[in-house]
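The values are calculated or read from the model by the stated rules, or taken from the named source; none is laboratory data. A quick note: this is a predicted structure, and the numbers were derived from the prediction, not measured. Glycine also receives a Cβ, built like all others from the backbone with ideal geometry; neighbour counts cover every protein chain displayed. The protein model used for the area step is the full one, side chains on, heavy atoms only, and it has no ligands, DNA or RNA in it. Shrake-Rupley method; radii C 1.70, N 1.55, O 1.52, S 1.80 Å.
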Amino acid sequence: MAPTARWYGQTFTGLAPGSRQIALTYDDGPNDPHTQRLLEVLAKHNVHATFFLIGRYIQQQPQIAREIAQAGHVLGNHTFTHPLLIFKSEAEIRQEFTQCRDALQDAIGKSSNLFRPPFGGRGPAALRVARELGLEPVMWNVTGYDWNAPPAEKIERKIAKQIRGGDVILLHDGGHKQIGADRSQTVIATAHLITRYKVEGFEFVTIPQMMEKLAVS
């Protein structure tokens with residue numbers, strides 16, 4: 001479950017320290033109303049992010065998934081029910097990925113080749129099934145520890161201590177237990193982080209943009 005560990009295979013965790021790119025990623029949406037509020041903040045600052053969505057929430061809120069895609073953000077597969085995959089069989093893992101893939105397809109007309117394992121939990125079976133399905137595992141190397149909805153200032157402080165450049169930042173626009181999780185503090189923290197790191201000369205990119213940078217470096 002360690003986000004940057006590669007015991008069972010390669011996962012994408014960002015670029016080498018010193019890069020001037022940062023990727024904002026959000027897990028556990030779509031989540032009404034905080035995903036929409038986050039989209040407003042990102043649009044205001046002309047920043048595109050990567051959203052790893054839960055399939056059952058996509059089915060409940062397909063219009064929010066469409067709003068994310070229409071705003072130019074990247075969508076990823078975060079399984080259908082958000083289980084800890086290390087305790088699931090290969091058949092169960094495959095079902096989680098394919099059901100989320102189908103939910104994305106139904107909502108926005110296309111699926112995604114990116115996935116993030118819930119809780120960061122992945123073992124040989126999860127990575128094997130993912131690659132059989134053409135899914136690229138995406139982890140993170142910076143986290144805002146925002147799943148318990150701490151104050152925005154605390155989220156910002158946690159992230160600032162970890163930023164080195166080339167970072168994939170983990171935040172949450174939803175909660176895996178149910179739709180309606182309060183992510184208002186994450187929305188506030190996002191606005192402050194974008195302002196701060198743009199002033200410092202960083203560029204905010206999506207995961208595919210960062211992967212492209214890695215491929216040509």
Computed magnitude of the charge dipole of the chain (debye, nearest 20; Cβ of K, R +1, Cβ of D, E -1): 440 debye
With every protein chain present, what is the per residue accessible area of the chain (1.4 Å probe, Å²)? 45 Å²
Just need the Rg to Rh number for segment 1-94, please, alpha carbons only, Kirkwood Rh. 1.01
Within the chain, excluding any trypsin sites (Lys or Arg not before Pro) found in a DSSP loop (not H, G, I, E or B) and having at most 15 other Cβ atoms within 10 Å, the longest uninterrupted segment runs 21-109
Computed on Cα atoms, Rg of segment 62-176 relative to 2.2 N^0.38 Å comes out at 1.14
In segment 110-217, carbon and sulfur make up what percent of the accessible area (probe 1.4 Å)? 51 percent
HN-Hα J couplings of segment 64-70 from phi, Karplus 6.51/-1.76/1.60, θ = phi - 60°, integer Hz, Gly and Pro as x? 6, 4, 5, 4, 4, 5, 5
Placing +1 on each Lys and Arg Cβ and -1 on each Asp and Glu Cβ in the chain, then taking the dipole about the Cα centre, the residue among Ile22, Gln178, Ala191 whose Cα reaches farthest towards the positive end is Ile22
Measure up Lys161/Lys198; Lys110/Lys198; Lys154/Lys213; Lys44/Lys154 against 25 Å on the Cα-Cα distance and list the ones that go over. Lys110/Lys198; Lys154/Lys213
Give the relative contact order (percent, whole number) for the chain; include only Cα pairs under 8 Å separated by 6+ residues. 33 percent
Antiparallel content of DSSP bridges confined to the chain, in %, to 5: 5 percent
Cα-based Rg / Dmax (Å) for segment 122-192: 14.8, 41
